[in-house]
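Engineer: My questions all concern the structure below.
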Amino acid sequence: MQTLHFLYHELRDEGSDYSYVVKTSEFARQIELFKSLRADAHTGRAGKLNPAVTFDDGHISNYEQALPVLQEQAMQAHFFITVGWTGQRDGYMGWQELRALHAAGQQIGAHGWTHTLLTHCDAAQLSKELRDARLKLEDGLGAEAPTMSLPGGRYNKRVLEACREAGYKQVFMSVPQASAEDAWMVGRLNVVGGMDLQWMEKVLDPASGVLASLERKDKLKGVAKSVLGDTMYARLWRLINHSEEQAGEGA
Ligand SMILES: [Zn+2]
């Protein structure tokens, strides 16, 4: 069965203009919806996509706000961690939180070492961002961590080869498309604040055409990136998403 992965970043009790922030109460309703749809999937929801949940960056709200909701609903999510920020950067999880997530049955993967766009890295930087990040994460968790998500969703052929060489078994993108459970490259739909629950249910029904339309829009965005270049695109992105971060493109 095909799965559609949703991508979250930060949760807050109160909403924010920054579109990558989702209200915790909103997240709880979305998890409830996903859970009901997943339950249906096992009893045969023919032709529908199975929802799955991922988080990028390792924000402290993943532990403080998301974990209790997931535990209450007995749902599992996949958390991708910017390994060099762990225990180093205010507002992000430390090793204690990561180990607690892992002990609670949540999945943990890597999201680079410094969140640098991998397409901008030379061979030595790629090794640090990919191989060192995986080894550090595995050392910190005492468990294998063979999955990663691409900072800013950026990749090319060279980056993907480096991911394989660094020992990853699965790479998560920021492209809205459904994927097989064991796919090498996994598509994800970015969740922003204020998404409508009924619309999210429609996205999980390929017959509605909503996901196909999102995929087409994303391809156009790809064209804009290559025409504008990374610097101009990042400026436009911050403007559109009301970003509070100085870190550039948040995904
Ligand atoms: Zn990110």
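The values are calculated or read from the model by the stated rules, or taken from the named source; none is laboratory data. Remember, predicted model here, so these are calculated numbers, not experimental data. Glycine also receives a Cβ, built like all others from the backbone with ideal geometry; neighbour counts cover every protein chain displayed. Areas reflect the complete protein model, heavy atoms only, side chains present, ligands, DNA and RNA absent. Shrake-Rupley method; radii C 1.70, N 1.55, O 1.52, S 1.80 Å.
Engineer: So which of V69, V83 ends up being in contact (Cβ under 8 Å) with a residue 40 or more places away in the chain and within 13 Å of G140 (Cβ to Cβ)? Walk me through it before giving the result.
Structural biologist: Values: V69 fails: within 13 Å of G140 (Cβ to Cβ).
The unique qualifying residue is V83.
Engineer: When you go through T82, T24, T114 one by one, which is the residue that is among the β-branched types (V, I, T) and either more than 16 Å from the ligand (Cβ to nearest atom) or out of contact with any Asp or Glu (no Cβ under 9 Å at 6 or more places or on another chain) (or both)? Working first, answer last.
Structural biologist: Details: T82 fails: either more than 16 Å from the ligand (Cβ to nearest atom) or out of contact with any Asp or Glu (no Cβ under 9 Å at 6 or more places or on another chain) (or both); T114 fails: either more than 16 Å from the ligand (Cβ to nearest atom) or out of contact with any Asp or Glu (no Cβ under 9 Å at 6 or more places or on another chain) (or both).
Within the list T82, T24, T114, the selection yields T24.
Engineer: Out of the stretch 99-111, which residues are within 16 Å of the ligand (Cβ to nearest atom) and more than 30 Å from S226 (Cβ to Cβ)?
Structural biologist: Keep residues of the stretch 99-111 that are within 16 Å of the ligand (Cβ to nearest atom), which gives 108-111.
I108 - this is the single residue of the stretch 99-111 that is within 16 Å of the ligand (Cβ to nearest atom) and more than 30 Å from S226 (Cβ to Cβ).
Engineer: Cβ-Cβ under 7 Å, sequence separation 6+ or interchain: first residue in the stretch 127-143 and over 13 Å from E165 (Cα atoms), partner surrounded by fewer than 16 Cβ atoms within 10 Å (Cβ to Cβ). Which pairs?
Structural biologist: Sorted first by the residue in the stretch 127-143, then by its partner, the pairs are E138/E144; G140/W95.
Engineer: Here is a follow-up. Taking the stretch 103-118, which residues are farther than 18 Å from Q170 by Cα and outside any loop (DSSP other than H, G, I, E, B)?
Structural biologist: Selection gives A103 alone.
Engineer: Continuing with the same structure: Pairs only if they're at least six apart or on different chains, beta carbon under 8 angstrom, first in the stretch 181-194 and under 25 Å from K23 (Cβ atoms), second among the charged types (D, E, K, R) and buried (at least 21 other Cβ atoms within 10 Å of the Cβ); list them, first residue then second.
Structural biologist: none
Engineer: Next question, about the same structure. What single numbered condition from (1) on the phi < 0 side of the Ramachandran plot; (2) within 16 Å of the ligand (Cβ to nearest atom) fails to hold for G58?
Structural biologist: Just one mismatch for G58, condition (1).
Engineer: If a residue counts only when it is open to solvent by 20 Å² or more (accessible area, probe 1.4 Å) and within 16 Å of the ligand (Cβ to nearest atom), which strands (runs of 3 or more DSSP E) contained entirely in the stretch 138-251 have at least 1 such residues?
Structural biologist: Answer list for the stretch 138-251: 188-190.
Engineer: Next question. Take the conditions over 18 Å from D17 (Cα atoms) and hydrophobic (A, V, I, L, M, F, W, C) and apply them to L204. Does it pass?
Structural biologist: Values: over 18 Å from D17 (Cα atoms): yes; hydrophobic (A, V, I, L, M, F, W, C): yes.
Spelling it out, L204 is indeed over 18 Å from D17 (Cα atoms) and hydrophobic (A, V, I, L, M, F, W, C).
Engineer: May I pose another question? Out of (1) within 16 Å of the ligand (Cβ to nearest atom); (2) surrounded by fewer than 22 Cβ atoms within 10 Å (Cβ to Cβ); (3) on the phi > 0 side of the Ramachandran plot, the odd one out for H120 is which?
Structural biologist: Going through (1) within 16 Å of the ligand (Cβ to nearest atom); (2) surrounded by fewer than 22 Cβ atoms within 10 Å (Cβ to Cβ); (3) on the phi > 0 side of the Ramachandran plot one by one, H120 breaks only (3).
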